[in-house]
1. Test each condition in (1) acidic (Asp, Glu); (2) outside the structural domain of Asn130 (by TED's automatic domain parsing); (3) in contact with a Gly (Cβ under 8 Å, 6 or more places away or on another chain); (4) more than 14 Å from Asp138 (Cα to Cα) for Asp77 and report the one that comes out false.
2. Which one of these does Arg187 not meet: (1) free of Cβ contacts under 8 Å to residues at least 60 places away in the same chain; (2) out of contact with any strand residue (DSSP E or B) (no Cβ under 9 Å at 6 or more places or on another chain); (3) part of a helix (DSSP H, G or I)?
3. Check whether at least one residue in region 132-141 is out of contact with any Cys (no Cβ under 8 Å at 6 or more places or on another chain), free of Cβ contacts under 8 Å to residues at least 12 places away in the same chain and of a type outside the set (Lys, Arg), and report yes or no.
4. For region 264-287, state whether one or more residues are crowded, with 18+ Cβ neighbours inside 10 Å, within 11 Å of the ligand (Cβ to nearest atom), under 30 Å from Arg72 (Cα atoms) and in the same structural domain as Met157 (by TED's automatic domain parsing).
5. May I ask you to list the residues in region 199-228 that are away from the ligand (no atom under 11 Å from the Cβ) and under 26 Å from Met172 (Cβ atoms)?
6. Would you pick out the residues in region 108-142 that are over 30 Å from Ile223 (Cβ atoms), surrounded by fewer than 24 Cβ atoms within 10 Å (Cβ to Cβ) and over 14 Å from the mean Cα position of the chain (by Cα)?
7. Does Arg187 count as of a type in the set (Lys, Arg), over 22 Å from Glu12 (Cα atoms), at pLDDT 95 or above and more than 16 Å from the ligand (Cβ to nearest atom)?
8. Going by the conditions given, is Leu14 modelled with pLDDT of 95 or more and outside any loop (DSSP other than H, G, I, E, B)?
Amino acid sequence: MKWNDLRSMTLEELTECVEELGEKKFRARQIYEWLHKKLVETPEQMKNVSAKLRDKLLKEHPLYGVSLIESRESKIDGTKKFLFGLHDGNIIESVLMRYKHGNSVCISSQAGCRMGCRFCASTLLGLARNLYPSEMLDQIYAIQRLTGERVSHVVVMGTGEPFDNYEALSRMLTMVSDESGIRIGHRNITVSTCGIVPGIYAFAKDHPQVTLAISLHASNDKIRKQLMPVANRYSLEELMRAADYHIDQTGRRLTFEYSLVRGVNDTKEEALELAALVRGKNCHINLIPVNPIKERDFRQSEQSGVDAFKKILENKHIQVTVRREMGRDIQAACGQLRKDYRERSENG
Ligand code: SAH
């Protein structure tokens with residue numbers, strides 16, 4: 001068993017374990033439901049499970065999850081950012097976004113990240129470690145517990161590269177939609193990758209109902225390599241082939257994310273090149289005005305530049321939206337809260 005902690009275990013694994021301890025099989029489902037449906041925070045809250053069984057289980061299978069360090073809520077749109085601690089002292093952040101269609105939670109897949117995208121705050125301190133399935137799940141559970149509001153959508157777009165922690169991601173996706181758990185359907189979930197090509201092929205097979213978003217951020221390899229080290233590993237050509245495969249296999253619309261950086265990737269030529277790159281694909285482009293981080297001097301494109309870029313794509317009949325900025329008043333750039341907290345702690 002790869003993940004030994006109680007909240008990362010599937011119902012099947014839990015059943016096997018409970019039987020090995022000489023207990024009745026139905027206890028496993030009870031425990032699973034306490035953890036993944038009733039979303040208890042501590043083992044003592046599993047009321048109909050004896051203390052003896054709890055102790056026996058916990059000896060082999062500790063209960064890992066997230067605990068709140070601090071949160072901030074936007075006065076503009078109700079967006080809420082959460083800073084969570086993990087059992088080993090690592091820190092991650094998650095975001096709750098309140099939309100008309102429901103509450104969406106943005107979760108982290110790693111503590112830190114090793115992909116090195118130039119404009120991203122999450123990567124500045126490198127990768128600390130992969131998250132366990134339980135730690136991804138519990139970001140959703142904790143936000144539902146803390147707010148008392150039902151979470152209906154999940155986006156894996158927080159800190160980390162989900163396909164750099166593929167197996168844990170995959171298990172989390174299976175468990176989050178499980179009948180005995182929180183039951184968030186795969187069609188309500190989006191996973192975003194910086195473009196790890198083998199991950200895209202595996203994902204198309206393993207989780208065809210989950211929406212895939214690919215961070216493109218450039219219309220040619222030369223610019224992409226300036227922004228994203230992963231472009232040195234996989235060419236745009238390989239990436240687009242994988243995207244086509246995904247669309248073909250799943251029959252679902254794919255999202256390309258494109259963060260607009262002033263003077264780097266936001267000219268008319270690049271808009272035209274981007275249109276040619278995605279033409280004919282069942283896809284949608286999400287333009288994100290880059291969120292400047294203080295460690296780098298990238299700047300947002302001007303509003304007129306964003307509009308012009310969008311217009312060119314529309315004229316070529318490409319589906320395109322500009323991402324609405326959520327929680328601007330609490331918003332350090334994505335990943336900045338975690339980094340700021342680390343710096344505050346280190347400075348006493
Ligand atoms: N590792 C995944 C998830 C990362 S975050 C990925 O790369 O897709 C989700 C999106 O936010 C990605 O498209 C990422 O490139 C983008 N992003 C990160 N930092 C940003 C910033 N400062 N401004 C705008 N977009 C940013």
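1. (2)
2. Among (1) free of Cβ contacts under 8 Å to residues at least 60 places away in the same chain; (2) out of contact with any strand residue (DSSP E or B) (no Cβ under 9 Å at 6 or more places or on another chain); (3) part of a helix (DSSP H, G or I), the lone unmet condition for Arg187 is (2).
3. Taking every residue of region 132-141 in turn, none turns out to be out of contact with any Cys (no Cβ under 8 Å at 6 or more places or on another chain), free of Cβ contacts under 8 Å to residues at least 12 places away in the same chain and of a type outside the set (Lys, Arg).
4. yes
5. Ile200, Tyr201, Ala202, Phe203, Ala204, Lys205, Asp206, His207, Pro208, Gln209, Val210, Thr211
6. Arg129, Ala142
7. When the stated conditions are applied, Arg187 passes them.
8. Considered against the rule, which asks whether it is modelled with pLDDT of 95 or more and outside any loop (DSSP other than H, G, I, E, B), Leu14 comes out as yes.
The values are calculated or read from the model by the stated rules, or taken from the named source; none is laboratory data. Please read these numbers as outputs of a predicted model, since none were measured by experiment. FYI the Cβ positions are ideal-geometry reconstructions off the backbone, even for glycines, and counts take in every protein chain you see.
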